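The values are calculated or read from the model by the stated rules, or taken from the named source; none is laboratory data. The structure presented is a predicted model; accordingly, all values stated were derived computationally and were not measured. Note that we place each Cβ from the backbone using ideal geometry, even for glycine, and neighbour counts take in every protein chain shown. We work out accessible area using only protein heavy atoms, side chains counted, and drop any ligands, DNA or RNA first. Shrake-Rupley method; radii C 1.70, N 1.55, O 1.52, S 1.80 Å.
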Amino acid sequence: MCGIVGYIGTQQACPILIEGLKKLEYRGYDSAGVALLNGGNIEIVKSVGRLHDLEKKLNGYSPWGSIGIGHTRWATHGRPSDVNSHPHKACSSDFAVVHNGIIENYLQLKGWLASEGHIFCSETDTEVLAHLVENFYQGDLLEAVRKAISKVEGSYAMAVMTDQEEDKIVCVRKESPLVIGLGKGEQFIASDIPAILNHTRKTYIMDDHEIAVVENEDVSIFNGTGKKINKSVFNVNWDQQAAEKDGFDHFMLKEIYEQPPAIKETLKGRLDIENYRIQLNDITLEAEYLKNLSKINIVACGTAYHAGLVGKHVIEKLTRIPVEVELASEYRYRDPIVDPERNLVMVVSQSGETADTLAAMKLSKSMGAKVLAVTNVVGSSVSREADSVIYTWAGPEIAVASTKAYITQLVAMYLWGLYIAQLKESLSQKETKEIMDGLRCIPSQVQCILEQTSKIEDIARVVYQKDDLFFIGRGLDYAVAQEGSLKLKEISYIHAESYAAGELKHGTLALVTEDTPVLAVLTQKNIYEKTLSNIKEVKARDAYVIAVTLKSNKSIETEVDKVFYVPENLDILMPLLTVVPLQLLSYYAALMRGCDVDKPRNLAKSVTVE
Ligand code: M6R
């Protein structure tokens, strides 16, 4: 999704802005631009396409100036084009604005500003911000921005500069992330930490409604009521290398290979092996409340939602507490039933910035519910607004397709299920021990799968030329099939659907032919035979069948066309293993089809607009 960068200091800003924007490319975008302030002039250069198109336009010439803002845009209002790209300026060219988010009342504001004589040149919602600031400007940029945002409905992270005050950039956030990187005699602004990490680790993470005046030597932050506040500095403790490719062809592949250490990191310090107890020291929710829960609502989007589907099976089995899983975009607009005394809302989000998930969280809190967040990003909006957080220590995930974040979200589900089971004493020590021992084996078992990629490449060679594919499974296997299906369509653009295996014959079987391969996940022992029957049904319709199953199911070889064996562990833990070949299959199929694996078309890493 859109990315913001800004620089004020003594160096030439343009190369710093471009370098910062490159670090945000992974978020997904379709155009880019920079604005530089120098000697009473604002110079803007923008281009539709990738950053190299913008660089070509700059063609070795960098607009001069040591104050600047830059942006990568992911089109929402108006198609991708030079004119719709940011930065946007006002009529007088005195103001330049970059913005992430959506101005919901922009048409109304545009109408009003037009009636005041403002002339618009783009189709965007953002342009109204530049005109609003211009409209209210009376020699004080901070004041003009304040007045402008008082008129605005919607979400924004915004940075504004003017040639009337050449010593500052003013920025503000509401429901869209923004950080300020603190340097010596220079400051950096960005919508995401990787953009500034080459320069500083000291940051201010802006909160909703805060406005910052950023100057060479000083950053002043004001809260929503206009009061100057002392913000604590947040030190980023991961490095740039963790956000780079490290010799892999793609971030996605690198991140798939990082899963064993990511799982270990997420388990670290949380399994007390000597006493067979779970330690979640950061959980501040009271034990009495957790013991008496009558329902847990898991709310999330995309892959994080799929992690929630596994979570439902796991938490219900371990604790006997009913769990509902819902897409955040649905939850936020219906009238969900949440009992603040006896229900817990769990939000799951890698980025911690997904607009729908944040809105669902706010709605839950407004109903008095307690919210537990599972997130990968320390300091993200979700982490700051939740009552308690379980961090997934996957490290920065750059590829749009989520892999290591998903697997560590699953780990968080097991930890949470075990933690509540421990409070409720719903599991025996022997059962707890078995699961904890099983979890500890997972990293090496994932590693073992990663050493068999050539087998998955063989399967990808069959799949990549197909137009449609079905993923089937039952129970936990079905939950993983749903993630496998999303992964394949997301990066290879092959149409894929996941079905509960028993559901096929209620309609979808009509679509199964020799041209629609069926990938079946079969690891749950109690329903193995049932899924096998469903395999026979699709085989009878000439489908090419691929099975992902356990070594002990060797007899399946006579029933299907290809098998990939995953190492054996407890049934309940199998999603942690079966998802890995599905991730690799999508990766290789996408590669064979020549797709842009890390930046699939139309998609963005962090979906900060609804
Ligand atoms: O950052 P989040 O976990 O909240 O993101 C949710 C989804 O946008 C995300 O999982 C998306 O579905 C992935 N691109 C899938 O690989």
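Mean residue ellipticity at 222 nm from the helices of the chain, using -39,500 (n - 2.57) per DSSP H segment of n ≥ 4 over the full residue count, to the nearest 500 deg cm²/dmol?
-10500 deg cm²/dmol
Relative contact order of the stretch 452-592, please, whole-number percent, based on alpha carbon pairs below 8 angstrom and at least 6 residues apart.
Dividing the mean separation by the residue count of the stretch 452-592 yields 31 percent.
From the square roots a ≥ b ≥ c of the eigenvalues of the alpha-carbon gyration tensor of the stretch 208-290, which class results: rounded (a/c under 1.5), prolate (a/b over b/c), or oblate?
Oblate, because a/c is 1.5 or more while a/b does not exceed b/c.
At a Förster radius of 35 Å, what calculated FRET efficiency corresponds to the Cβ-Cβ distance of D167 and D335, to the nearest 0.05?
With a Förster radius of 35 Å, E is 0.10.
Give the long-range amide H neighbours of A90: residues separated by 5 or more places, or on another chain, with amide H under 5 Å away, using H modelled in the peptide plane at 1.01 Å from N.
Close amide H contacts, sequence-distant or interchain: F95.
Compute the accessible area per residue over the chain, keeping the other protein chains in place, probe 1.4 Å, unit Å².
Computed with neighbouring chains in place, this is 38 Å² per residue.
Sorting check: for 490-502, 115-127, which peptide has the highest mean count of neighbouring beta carbons within 10 Å, and how do the rest follow?
The peptides rank, most packed first, as 490-502, 115-127.
Output the antiparallel fraction of DSSP beta bridges having both residues in the chain, as a percent to the nearest 5.
Around 60 percent of the beta bridges assigned by DSSP in the chain are antiparallel ones.
Would you kindly derive the ³J(HN,Hα) couplings of the stretch 408-425 from the backbone phi angles with the Karplus curve 6.51 cos²θ - 1.76 cosθ + 1.60 (θ = phi - 60°), listing them in order in whole Hz, with x for Gly and Pro?
Result, rounded to whole Hz: 6, 5, 4, 4, 4, 5, 5, 4, 5, x, 5, 5, 5, 4, 5, 5, 8, 6.
Quick one: ranking C301, C91 by accessible area, 1.4 Å probe, largest first, what do you get?
C91, C301
So, R0 is 22 Å and r is the distance between the beta-carbons of D596 and Q452; what FRET efficiency does that work out to, to 0.05?
My answer for the efficiency is 0.25.
Tell me whether the chain comes out rounded, prolate or oblate; compute the Cα gyration tensor, take square roots of the eigenvalues as a ≥ b ≥ c, and use a/c under 1.5 as the rounded threshold.
In terms of gyration-tensor shape, prolate.
How far is helix 127-136 tilted, in degrees, relative to the longest principal axis of the Cα atoms in the chain, given as a value from 0 to 90 rounded to the nearest 10?
40
For every other residue with a beta carbon closer than 10 angstrom to the beta carbon of A394, add +1 if it is Lys or Arg and -1 if Asp or Glu, then tell me the sum.
-3
Considering only protein heavy atoms and a probe of 1.4 Å, how much of the accessible area of the stretch 253-448 is carbon and sulfur, as a whole percent?
Here it works out to 49 percent.
Say the cut-off is 32 Å between C-alpha atoms; which of K489/K539; K231/K487; K56/K455 go over it?
Exceeds cut-off: K231/K487; K56/K455.
Counting alpha carbon pairs within less than 8 Å and at least 6 residues apart, what relative contact order, in whole percent, applies to the chain?
Computed over the chain, the figure is 12 percent.
With the cut-off at 1.5 for a/c, could you classify the stretch 452-592 from its C-alpha gyration tensor as rounded, prolate or oblate?
rounded
Using the Karplus equation 6.51 cos²θ - 1.76 cosθ + 1.60 (θ = phi - 60°), what ³J(HN,Hα) coupling, rounded to whole Hz, does each residue of the stretch 436-448 give in order, writing x for Gly and Pro?
Result, rounded to whole Hz: 5, 5, x, 4, 5, 7, 4, x, 6, 6, 5, 4, 4.
Go ahead and run the numbers for FRET between R342 and E274, Cβ-Cβ distance against an R0 of 22 Å, rounding to 0.05.
0.05
Does anyone have the angle between helix 13-23 and the longest principal axis of the chain? Alpha-carbon axes, 0 to 90°, nearest 10?
Long axis of 13-23 versus the principal axis of the chain: about 10 degrees.
Helix 106-115 against the longest principal axis of the chain: what's the angle in degrees, Cα atoms only, rounded to the nearest 10?
Roughly 20 degrees between the two axes.
Find which of I527, W416, V512 sits farthest along the positive direction of the dipole of the chain, computed with +1 on the beta-carbon of Lys and Arg, -1 on that of Asp and Glu, about the Cα centre.
I527
Counting Lys and Arg as +1 and Asp and Glu as -1, what is the net charge of the other residues whose Cβ lies under 15 Å from the Cβ of K536?
-1
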